[in-house]
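The structure appears right after this line, and notes come after that.
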Amino acid sequence: MGKREAEHIDFDAVMKSLQSEKRGEADPELSPEENLGSAKKEVSQAARKRASKLSDPRNGYVYSTKERIIHDRTCKRVSGISDDCFEMSKKLIPGMPLCNLCRRKAWIRLGMGDDTKFINAYDRFFREAYVSNDLLQRLFVDNDVKVKIQDITHMTFDVNGERWMWERVDKKVVLYHNSYEISDVGTRVMRKSFHKQKETPISAQSAANKMLNYTWDRSHQSNDNMR
């Protein structure tokens, strides 16, 4: 029996195929249908990664790796970001500009903690209380204020260790402060109740100024409407 001829291997073709795979290019040895199927597989991988990121409610912010503009996850413009450029973050990214369409919600999200499914209710509360964009930024970006909506007209604010409450009345708010008692050693013991700071409604700006500038000491406790 004669010797079997060695199988010829085109090493140049093999190297070209490997190089094109690394670059994500179409393989010239595959049919157009086979190359299309490979591309669809890559797209579906990116789509799965996108869905996985969106499934985590802690990821509140979205941006495109190309545009580098950050959006609240509820922004209408998010749908225009391609899967392969889609990224998310749990926090606002310093130096990355905010989308002008959704920046109010982006700031509110900073203050509302895990209460994310009610973000529209928070947004509506602030709009109906005539809270400006500048004030939202001052509260949540500059001063790290935390808020919790109680119902459609009441919201609590945690500011520098103090707890406050706004009662929305038309376009203004009635400001409440946490009630407390003075212990035998002169420290405050906080209660769960609140007392009014003033009977008449005031602007949201005035209420925010009161909260952010407030400091307590025993010298003014008699003027603090303590109950």
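The values are calculated or read from the model by the stated rules, or taken from the named source; none is laboratory data. Bear in mind the structure is a predicted one, so any value in this text is a computation, not a measurement. Note that each Cβ is placed from the backbone with ideal geometry, even for glycine, and that neighbours are counted across all protein chains shown.
Look at the range 47-69 and say how many of its residues are outside any loop (DSSP other than H, G, I, E, B) and of a type outside the set (S, T, N, Q).
Looking only at that region, the number is 10.
Within the range 70-85, restricting attention to residues that are of a type in the set (A, V, I, L, M, F, W, C) and more than 23 Å from residue 114 (Cα to Cα), which residue is nearest to the chain's Cα centre (by Cα)?
So, considering only residues that are of a type in the set (A, V, I, L, M, F, W, C) and more than 23 Å from residue 114 (Cα to Cα), the one nearest to the chain's Cα centre (by Cα) is 81.
What pairs come up if the first residue lies in the range 65-93 and is over 15 Å from residue 108 (Cα atoms), the second is among the hydrophobic types (A, V, I, L, M, F, W, C) and in a helix (DSSP H, G or I), and their beta carbons are under 7 Å apart, counting only those six or more places apart or on different chains?
65/85; 66/85; 83/43; 83/46; 83/47; 84/46
Inspect the range 97-118 for any residue being assigned to a strand (DSSP E or B) and under 18 Å from the mean Cα position of the chain (by Cα) and give the result as yes or no.
Checking the range 97-118: at least one residue is assigned to a strand (DSSP E or B) and under 18 Å from the mean Cα position of the chain (by Cα).
Test residue 64 against the stated conditions and say whether it is in contact with a Phe, Trp or Tyr (Cβ under 9 Å, 6 or more places away or on another chain), surrounded by fewer than 19 Cβ atoms within 10 Å (Cβ to Cβ) and either modelled with pLDDT under 95 or more than 30 Å from residue 201 (Cα to Cα) (or both).
yes
If you go through the range 47-64 one residue at a time, how many are in contact (Cβ under 8 Å) with a residue 40 or more places away in the chain and among the hydrophobic types (A, V, I, L, M, F, W, C)?
So the answer is 0.
Given 81, 70, which one is under 19 Å from residue 137 (Cα atoms) and buried (at least 19 other Cβ atoms within 10 Å of the Cβ)?
Exactly one of 81, 70 is under 19 Å from residue 137 (Cα atoms) and buried (at least 19 other Cβ atoms within 10 Å of the Cβ), namely 70.
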